[in-house]
Structure formats: structure tokens, C-alpha cells
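Can you keep this structure in mind? I'll have questions shortly.
Derivation of every value follows stated rules applied to the coordinates shown; laboratory data play no part. If you're wondering where the values come from, they're calculated on a predicted model, not measured in any experiment. All Cβ positions, glycine included, derive from the backbone under ideal geometry; neighbour counts span all protein chains shown.
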Amino acid sequence: MSTIEKIQEEVLVEDAVDQNNQIVLYNDDVNTFDHVIEMLVQICDHTAIQAEQCAVLVHYKGKCTVKTGSFDELKPQCSLLLEAGLSAELV
């Protein structure tokens with residue numbers, strides 16, 4: 001393996017590890033579909049269709065990954081979802 005290939009491989013592994021975090025949204029009996037959709041659009045930059053699809057998945061499956069990325073990027077978004085009264089977790 002040449003030096004160039006080895007360096008490129010190390011960068012790819014680092015990028016993959018950095019994007020390994022997820023915000024998981026959980027179903028609850030409190031929040032309306034409209035509130036969940038509105039928060040996903042405002043906080044997670046979802047389109048209205050994305051947010052609606054996530055809300056339906058959360059309702060029927062119990063949970064849904066709503067955002068992936070680096071921990072530093074997702075932490076404030078997860079905090080805002082929690083402050084909005086949604087059940088979310090950063091994993």
C-alpha cells in the first residue's frame with residue numbers, strides 16, 4: 001500500500017466516525033402531529049414532507065432517526081427538541 005492510499009484511508013475512517021451520531025425521536029401521547037412536524041422543520045431543517053414522514057414513522061414504529069451528523073452539530077438540535085417537549089435522544 002502506498003503512502004497516498006494510507007493517508008486517504010485514514011481520512012475516510014475519521015469522516016465516517018464523525019458522522020456516526022443520530023437524533024432519535026420517540027413517540028409520546030402528548031404532542032400533536034402538527035407540533036412534531038413544526039419542530040422538525042424549525043429545529044432540524046426538515047422539509048414539510050420529511051417532517052411529516054418522520055412523525056408518521058414515530059407514531060407507528062415508536063421511534064425514528066430524524067437527523068444524523070457529528071455530535072457537536074446534533075447536541076444543540078437535540079436540546080431544542082427536548083425544550084420543545086419532544087422525546088428525543090442523541091445516540
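Net charge near Q50, counting Lys/Arg +1 and Asp/Glu -1 over other residues with Cβ under 13 Å of its Cβ?
Result for the neighbourhood of Q50: -2.
Along Cα→Cβ, 7 Å out, is where each label goes; now give me the distance between the ones at S79 and V91 in nm to one decimal.
Between S79 and V91, the simple spin-label model gives 2.3 nm.
If Lys and Arg each add +1 and Asp and Glu each add -1, what is the summed charge of the other residues whose beta carbon sits under 14 Å from the beta carbon of N27?
Residues close to N27 contribute a combined charge of -1.
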